[in-house]
1. Report the accessible area of LEU427, computed with a 1.4 Å probe over the heavy atoms of all protein chains in place, in Å² rounded to the nearest 10.
2. Rounded to whole Å and ordered largest first, report the semi-axes of the equivalent ellipsoid of the stretch 242-294 derived from its Cα gyration tensor (root of 5λ).
3. How many percent of all Cα-Cα pairs in the stretch 1-77 sit more than 16 Å apart?
4. Can you give the helix-only mean residue ellipticity at 222 nm for the chain, where every DSSP H stretch with n ≥ 4 adds -39500 (n - 2.57) and the sum goes over all residues, rounded to the nearest 500 deg cm²/dmol?
5. Can you tell me the length gained on complete extension of the stretch ALA341 to THR389, counting 0.36 nm per residue apart and subtracting the Cα distance?
6. Provide the net charge surrounding ASP317, with neighbours chosen by a C-beta distance below 11 Å and charges set as Lys +1, Arg +1, Asp -1, Glu -1.
7. If you take the Cα atoms of the stretch 1-44, find Rg, then find the Kirkwood Rh from the mean of 1/r over all pairs, what is Rg/Rh?
8. So if each residue of separation counts as 0.36 nm, and I subtract the Cα-Cα distance between GLU259 and GLU329, what length gain in nm does that give?
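The values are calculated or read from the model by the stated rules, or taken from the named source; none is laboratory data. In this text, all values refer to a predicted model and were calculated from it rather than measured experimentally. Every residue, glycine as well, gets a Cβ built from its backbone with ideal geometry; the counts of neighbours run over all protein chains shown. Heavy atoms of the whole protein, side chains included, go into the accessibility calculation; ligands, DNA and RNA do not. Shrake-Rupley method; radii C 1.70, N 1.55, O 1.52, S 1.80 Å.
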Amino acid sequence: MSAALELARRARAAAGADALATVTRERSTMLRFARSRPTQATSIDDATVEIAALRAGHVGRAATNRTGDEALADCARAAVGAAEAAAARGGTGHYPGFPRPTATRAHDGHDSETARLDPRAAGAALASAFDVADRAGVEAGGIWTAGEVETAIAASTGVEVSDRVTDAFMKVIATAPDGRTGYAAQTAVAAGALDAAALGERASRKATATVGAVAAGAAGDEPATLDPGEYTVVMERHAVLELLWVLGHTALDGLAHAEGRGALTGALGTRVVSPAINLSDSPRFHATLPRAFDAEGVAKAPLPLIQDGVAHRVVHDTRSAAIAGAPAETTGHALVAGGQASGPRPTNLVMVGGGAADEAELCAPVERGVYVTRLWYTNVVRPSESLFTAVTRDGTFLIEDGEIRRPLHDMRITDSALGILARVQALGARALLTSDGELYGRRFATGAVCPPLRAAAVRFSGASP
């Protein structure tokens, strides 16, 4: 038995009946860099114990990073007190009880070399990116990070599971002397899979290129401003990731669906996007960041969500399934024990690729359109419509007569994620693991496997200020 699982057992016992304890140990390192030099290094080696206690359908939680018996007892009392206070204030709650044990399966989400967290790997990656940037006449900024996370859960229902995963991420933002920027990023289970030189090269080309832009590296022109309107768009997978993020928060959330405010409410079993779209949550897919179980110890399993454009399912945790009622049941998507107030989320989305060889082939039929590298400041406006707003960034280009002609000033998209996916004309053949690399709080790395795409009539509401 691992030390983390033994600690989870002790924490669960301290809380008595109707309790679940989670131990999360993180070992990670992160290097930030700007203007082609390192600026900050962070290292973490810490463990968190969280105890969840159930009283009258309400779950109270408390956490500590101390592991002595007295500290665990204090944490347990705080969790029980929170649950009892919620029950006294709100009557009987919706949570039916912690799940029973389910059989988990092994995965290939741990790389022993990455778990060593050798700083020389980070140093070599930064040196490689800096060298490429220097030769291109740009400055490189971004992040290199890698980590190992061990999670153990013990519950009064008999659940006892543990898992170890690793992840690595690098992003490069190249800045040209005229201020234009280019972006490239890569995510993997193993740090050794990150290709810093290729990332530096791709980001540098976008910061300096126009014609045939991203591939040929021609000299740059001043960015143009495009009028608001509807344009055919070619999106790199970094931008597609944002569409999937919006879907996760509006359409695939089982709690929102159960409460009648989800974007797929009343639409399951119907075609909601292009027939080219096949989307699943696949935690054991070879290219994703796998996990064996969710935050309640429920085993992860593949879950088809949209097939040939037809919506089939949403994701549930125990709480959202109880609110939805039979035949709904947890699909193993709890983010916290007892259910997150905002609902469950898919964490291993996989969108199947199509027939286009690459982004250049996606651009070829476009008479006039917009090439989008990535989106940021993504915000949901109307969840029931999956309507969102976002701004293009770090590589926005005008497409004319099938070729990238010149850079554009960044633009604001205001459109529906389901609507854009309904207007998809083609998908790239290569679906790759993609992440934004934003890791806040205890490390929980997620990503989506997705291809680039071409979609018609994407609504741009104006240039970014």
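1. My reading of the accessible area for LEU427 is about 10 Å².
2. Result for the stretch 242-294: semi-axes of 22, 16, 10 Å.
3. Result for the distance tail: 56 percent.
4. -7000 deg cm²/dmol
5. 14.9 nm
6. -2
7. 1.37
8. Extra length from GLU259 to GLU329 when fully extended: 23.7 nm.
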